[in-house]
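Report on the following structure.
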Amino acid sequence: MKWKDYMKKVINIFQTISILIGFIAIVLFIIPTIIGIKPFIVLSGSMEDTVKTGSVAYINTHVKAEDIKIGDIIAFSVGNTQVTHRVIGINENSSFITKGDANKNEDLAPVKFEDFKGKTIFSIPYLGKFMTMCKTRMGKFIIFLIIGLNILCLIFSKETDKKAKKN
């Protein structure tokens, strides 16, 4: 195999992997957001083993607080923080009693219905760790490097095609 043929194969594999990663990102983050499913990174272990630290939890924002049942896992706001815990009770004053699966005690304060953000429908372990890494300086550098290499590969492959057509 010629060196140019080898390089073409490497470029094609690199571009295919990049396109696949982009497609997966669209499926995992953009499409769910459009249909009202909010992904967010789980930062603590309070819901271990059900929802692991570093997972991305997907929250259905269309579910109403009134439709939540005991045993459901919900997302709610505590100040500027979003929390995912299991509902272990529902008070008559429109609030939930919640508890993390890994915690021994229930949460100190009831969750008011107005702090309810949605019902957790599923999570993907470790994806949040990858997303957190992408937000670092090194992660951003790697993303821009991959994009730049893809652009160079496109330019290189077009130049190679032009030369092949001339010959």
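The values are calculated or read from the model by the stated rules, or taken from the named source; none is laboratory data. Keep in mind that this is a model prediction, so the values were computed, not measured. We place every Cβ from the backbone using ideal geometry, glycine too, and count neighbours over all the protein chains shown. Note: areas computed on protein heavy atoms with side chains; ligands, DNA, RNA excluded. Shrake-Rupley method; radii C 1.70, N 1.55, O 1.52, S 1.80 Å.
Note down the Stokes-Einstein diffusion coefficient of segment 60-139 in µm²/s, whole number, using a Kirkwood radius over alpha carbon pairs, 4 °C, and 1.567 mPa s. List each step's numbers first, then the result.
Details: Rh = 13.7 Å.
Estimated diffusion coefficient is 94 µm²/s.
Using a 1.4 Å probe over the heavy atoms of the protein chains, calculate the carbon and sulfur portion of the accessible area of segment 29-100 as a whole percent.
Numbers: 2100 of 3670 Å².
Roughly 57 percent of what the probe reaches on segment 29-100 is carbon or sulfur.
Rounded to the nearest 500 deg cm²/dmol, what is the calculated helix-only ellipticity per residue at 222 nm for the chain, with -39500 (n - 2.57) per DSSP H run of length n ≥ 4?
Details: 4 runs with 65 residues, N = 167.
Computed mean residue ellipticity for the chain: -13000 deg cm²/dmol.
Given the pairs Lys52/Lys112; Lys8/Lys38; Lys64/Lys104; Lys8/Lys140; Lys9/Lys52; Lys38/Lys104, which span a C-alpha to C-alpha distance of over 32 angstrom in this model?
Values: Lys52/Lys112 25 Å; Lys8/Lys38 39 Å; Lys64/Lys104 28 Å; Lys8/Lys140 27 Å; Lys9/Lys52 39 Å; Lys38/Lys104 28 Å.
Long pairs (Cα-Cα over 32 Å): Lys8/Lys38; Lys9/Lys52.
Report the label-to-label distance for Leu145 and Met7 in nanometres (one decimal), using points 7 Å from each Cα along the Cα→Cβ vector.
Computed distance between label sites Leu145 and Met7 equals 2.0 nm.
What are the DSSP H helices in the chain that stretch 24 Å or more along their long axis, judged by alpha-carbon atoms, and whose average Kyte-Doolittle hydropathy comes to at least -1.0?
Membrane-span-like by this criterion, though nothing is claimed about a membrane: 3-25, 137-166.
Rounded to whole Å and sorted largest first, list the principal axis extents of the Cα atoms in segment 4-72.
That gives 63, 27, 15 Å along the principal axes, largest extent first.
GNM, the chain, Cα, under 10 Å: largest mean-square fluctuation among Phe116, Phe14, Phe29?
Phe14
Could you order the peptides 69-76, 132-139 from most to least packed, using the average number of other C-beta atoms within 10 Å per residue?
69-76, 132-139
Solvent-accessible area of Tyr6, probe 1.4 Å, all protein chains present, reported in Å² to the nearest ten, please.
130
Please give the length that would be gained between Glu114 and Thr81 if that part of the chain were fully extended, namely 0.36 nm times their separation in residues minus their C-alpha to C-alpha distance (nm, one decimal).
10.4 nm
How big is the Cα convex hull of the chain in projection, averaged over all directions, in nm²?
Value for the chain: 13.4 nm².
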